[in-house]
Amino acid sequence: MTRIGVLALQGAFRRHVEALEALGVTGVEVRAPADLDGIDGLILPGGESTAMSLLLGANELTEPCRDVIAGGLPVFGTCAGMILLAEKVLDGRSDQVQLSDVPITVRRNGYGRQLASFEADLEIAGETEPFRAVFIRAPKVEQVDPAVEVLATVDDDPVLIRYRNVLAAAFHPELTPDLRLHRVFLLEC
Ligand code: GLN
């Protein structure tokens, strides 16, 4: 049976595990390096990327996560998880860790105070029905390398991207009952 790790140090990991289980796969909460053994994919949830950075270090998970991602394991980063995967982070903390070098520039909390949280109906490449997306203090993707595939945008800003083994969303697909994006991710795993 497919086993998908969900980084479970902080943030909205539980809802991802529930989404995976609704799709008939095992969600493995990742809190220690050994939890990465034998997984077929990894989800980096939303939450607070600076707090997650500290906890990744404290739990000796930074290098092991980098290694599995660099090794080609399918990864789905949502919101803070997208920040952890980006090559360049604006308005981050100097000690914020990167788990990959996806060639995008993201600005933390880039939608500003007024738009700190909002919802949008996205048109997603390959999907016929719109996807209701919940954004919470979301990162704004300010630059993307041409090698990055943009799957959905809001006002011309990319909000769902794919690059090699990485799928990343600026929003929280685990907070709505629509499981299509988890299904898309599982096709890679
Ligand atoms: N603003 C958060 C951060 O910088 C991300 C918010 C979220 O994951 N909902 O990590």
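Worth pointing out:
- Tally, over segment 121-136, of residues that are open to solvent by 20 Å² or more (accessible area, probe 1.4 Å) and over 21 Å from Leu85 (Cα atoms): 9
- Matching residues in segment 40-62 - criterion: being more than 12 Å from the ligand (Cβ to nearest atom) and surrounded by 22 or more Cβ atoms within 10 Å (Cβ to Cβ): Gly41, Leu42, Ile43, Leu56, Leu61
- Within segment 137-150, the only residue that satisfies the criterion of being open to solvent by less than 20 Å² (accessible area, probe 1.4 Å) and part of a strand (DSSP E or B) is Val141.
- Residue among Gly71, Gly92, Gly24 that alone is surrounded by 15 or more Cβ atoms within 10 Å (Cβ to Cβ) and either away from the ligand (no atom under 12 Å from the Cβ) or not hydroxyl-bearing (Ser, Thr, Tyr) (or both): Gly92
- Hey, His182 more than 16 Å from the ligand (Cβ to nearest atom), at pLDDT 95 or above and within 14 Å of the chain's Cα centre (by Cα) or not: yes
- Check on Ile43, farther than 21 Å from Asp157 by Cβ and assigned to a strand (DSSP E or B): yes
The values are calculated or read from the model by the stated rules, or taken from the named source; none is laboratory data. On a predicted model such as this, the values are computed, not experimentally measured, just so you know. Note: ideal-geometry Cβ built from the backbone for every residue, glycine included; neighbour counts use all protein chains shown. With ligands, DNA and RNA removed, areas are computed over all heavy atoms of the protein, side chains included. Shrake-Rupley method; radii C 1.70, N 1.55, O 1.52, S 1.80 Å.
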